[in-house]
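The values are calculated or read from the model by the stated rules, or taken from the named source; none is laboratory data. Since the model is a prediction, treat every value here as computed from it, not as a measurement. Glycine also receives a Cβ, built like all others from the backbone with ideal geometry; neighbour counts cover every protein chain displayed. SASA here: full protein model, heavy atoms, side chains in, ligands and nucleic acids out. Shrake-Rupley method; radii C 1.70, N 1.55, O 1.52, S 1.80 Å.
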Amino acid sequence: MSDIPHSRLRSSGGTPIARVPASGTVHWVGAGLSTGSGLARLCDTADRVRLWHRTEGRAADALARLGLTGRAEPRAYTLPALTAELAPGDVVVSMLPAPEHAGILAACVRGQAHFACSSYVSDAVLQQVPAAAAAGLVVLTEAGLDPGIDHLFAHCLVGRARAAVGEDTAASYSLTSYCGGVPAVPNDFRYRFSWAPAGVLNALRAPARYLQDGAETVAERPWEATRRHVVDGETFEVYPNRDSVPFVEQYGLPAAWKPRTFVRGTLRLEGWLRAWDAVFAELRTGDDARIAALAAELAAAHPTTDADRDRVVLAVSLDVRGGDGRTWSGSYLLDLVGDAQESAMARCVSRPLALGVRRILDGSVPAGLNRAAETAARSEEWLRELALEGLEFTLRVDR
């Protein structure tokens, strides 16, 4: 991944590119499991909010469920229908699956609208960033829970450690960032689907790259790298996912510090590895068609009901050992349980995303590619605001 430096957003003539002013209208596309009270926050801030869902009736039902009837306009989503209603400066928030983002971003560029999502930056989205930046448009990504709040925690820890240890001091460090949505009351399956089962299975099929004992390591089957991990006295199981290595640079870790461990991964309840043994057997041998069928079988076998309560646990830790004997350790922990009004996952994804959209509306996010807050100072600001809105987490620092 590579960002377009904000300071270099200039026209071919060398003059700075003016950011398209926000119109005050927000289009929130999708009302699935991750849409929660963040949408209500935007209804308090934006001049107009439109909720796009599969049908207008389902959009209206989602607004009623969130207590937002009359505060946002329900719409039946198709890309042409959304495109037809876009005006310059509108903000489009995509809560659809990641493969849908590129098409929506292309429509935003044509309509001179800003774009926001909570997903990782895909290659298809990245290819369109130059055109969006040249048009003065914001592309905000990785602004949910994971990715999102995990980035904020990591930036803040790295900033505090740099100040305490010194960025030019030779040191070694370990950074781990684990996040998971789990059932608040453990079940036999040791899991509760908080997003599409097909997405969960395909994520497990993707190799994970990370740093262990100072060297790059690749787990072709991430679950085979599962280990025990104690958080606040409770034992979980964790495994690496995706590619952790680019985040060493993204989090601003000093070049003088050498990594012992750097892992971003997934957290599960203790016993998950054993409970999922039959699933892993299918993942080892199944083709795409079989895995798609397995996803449908798991969705039917483990449905989520209105009575279920989910739990989100995000634990980010940084330990630095200076060559001069100085040490610094810090950790953030977010541990939330959902309630009758909203799931913990919906709260943790939608609120930081809504905060990012509010930053687009007030003009404080520059044109081009952005990921949550990308400095320690800005991350501290975001966390203060999220805390004031009731998103609880704890910070521990040991020197």
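For beta carbons closer than 8 Å, sequence separation of 6+ or different chains, a first residue in the range 320-348 that is under 17 Å from S174 (Cα atoms) and open to solvent by 60 Å² or more (accessible area, probe 1.4 Å) and a second that is in a helix (DSSP H, G or I) and not acidic (D, E), the qualifying pairs are R326/A164; R326/V165.
Being under 25 Å from L391 (Cα atoms) and either assigned to a helix (DSSP H, G or I) or under 23 Å from the mean Cα position of the chain (by Cα) (or both), is that true of even one residue in the range 289-301? Quick ask: steps written out before the conclusion?
As a first pass, look at the range 289-301 and keep what is under 25 Å from L391 (Cα atoms): none.
Checking the range 289-301: not a single residue is under 25 Å from L391 (Cα atoms) and either assigned to a helix (DSSP H, G or I) or under 23 Å from the mean Cα position of the chain (by Cα) (or both).
Of all residues in the range 260-286, those satisfying the criterion of being within 24 Å of the chain's Cα centre (by Cα) and farther than 26 Å from V185 by Cβ are T261, F262, V263, R264.
Here T375 meets each of (1) open to solvent by 20 Å² or more (accessible area, probe 1.4 Å); (2) in contact with a Ser or Thr (Cβ under 8 Å, 6 or more places away or on another chain); (3) closer than 30 Å to R326 by Cα with one exception, condition (2). Of all residue pairs spaced 6 or more apart or on separate chains, those with beta-carbon atoms under 6 Å, a first member in the range 290-302 that is on the phi < 0 side of the Ramachandran plot and a second member that is assigned to a helix (DSSP H, G or I) are I291/L201; L294/E282; A295/P197; A295/A198; A295/L201; L298/P197; A299/P197.
What residue, among those in the range 298-312 that are in contact with a helix residue (DSSP H, G or I) (Cβ under 9 Å, 6 or more places away or on another chain) and farther than 13 Å from E342 by Cα, is most open to solvent (accessible area, probe 1.4 Å)? Spell out the reasoning first.
The first filter runs over the range 298-312 and keeps only residues in contact with a helix residue (DSSP H, G or I) (Cβ under 9 Å, 6 or more places away or on another chain), leaving 298-299, 302, 309-312.
Those left that are additionally farther than 13 Å from E342 by Cα: 298-299, 302.
Numbers: L298: 16, A299: 44, H302: 64 Å².
So the residue we want is H302.
Taking strands (runs of 3 or more DSSP E) that do not extend beyond the range 1-98, which have at least 1 residues that are open to solvent by 30 Å² or more (accessible area, probe 1.4 Å) and at pLDDT 95 or above? Let's see the steps before the verdict.
On the way: elements: 25-29, 48-53, 73-76, 91-94.
Once the strands (runs of 3 or more DSSP E) in the range 1-98 are filtered for at least 1 residues that are open to solvent by 30 Å² or more (accessible area, probe 1.4 Å) and at pLDDT 95 or above, what remains is 48-53, 73-76.
Here are some conditions: (1) of a type outside the set (A, V, I, L, M); (2) surrounded by 14 or more Cβ atoms within 10 Å (Cβ to Cβ); (3) in a strand (DSSP E or B). G252 meets all but one. Which one does it not meet? Every listed condition holds for G252 apart from (3).
From the residues in the range 188-204 that are exposed (fewer than 15 other Cβ atoms within 10 Å of the Cβ) and either hydroxyl-bearing (S, T, Y) or under 12 Å from A299 (Cα atoms) (or both), which one is modelled with the highest pLDDT?
Here is the first cut: in the range 188-204, the ones exposed (fewer than 15 other Cβ atoms within 10 Å of the Cβ) are 188, 196, 199, 203.
Right, trim to either hydroxyl-bearing (S, T, Y) or under 12 Å from A299 (Cα atoms) (or both) and you get 196, 199.
Working: A196: 82, G199: 88.
Here the answer is G199.
When the residues of the range 213-249 are narrowed to those that are small (G, A, S), outside any loop (DSSP other than H, G, I, E, B) and out of contact with any helix residue (DSSP H, G or I) (no Cβ under 6 Å at 6 or more places or on another chain), which ends up surrounded by the fewest Cβ atoms within 10 Å (Cβ to Cβ)? Show your work before the answer.
Start the filter on the range 213-249 by keeping residues that are small (G, A, S), which leaves 214-215, 219, 225, 233, 244.
Remaining after also requiring outside any loop (DSSP other than H, G, I, E, B): 215, 219, 225.
In the following step, the residues that additionally are out of contact with any helix residue (DSSP H, G or I) (no Cβ under 6 Å at 6 or more places or on another chain) were identified as 215, 225.
On the way: A215: 9, A225: 19.
By that ranking, first place goes to A215.
Could you please find all residues in the range 340-362 being at pLDDT 95 or above and in a loop (DSSP other than H, G, I, E, B)? Across the range 340-362, the qualifying residue is only D362.
Scanning the range 353-364 for residues that are hydrophobic (A, V, I, L, M, F, W, C) and open to solvent by 10 Å² or more (accessible area, probe 1.4 Å) yields a total of 1.
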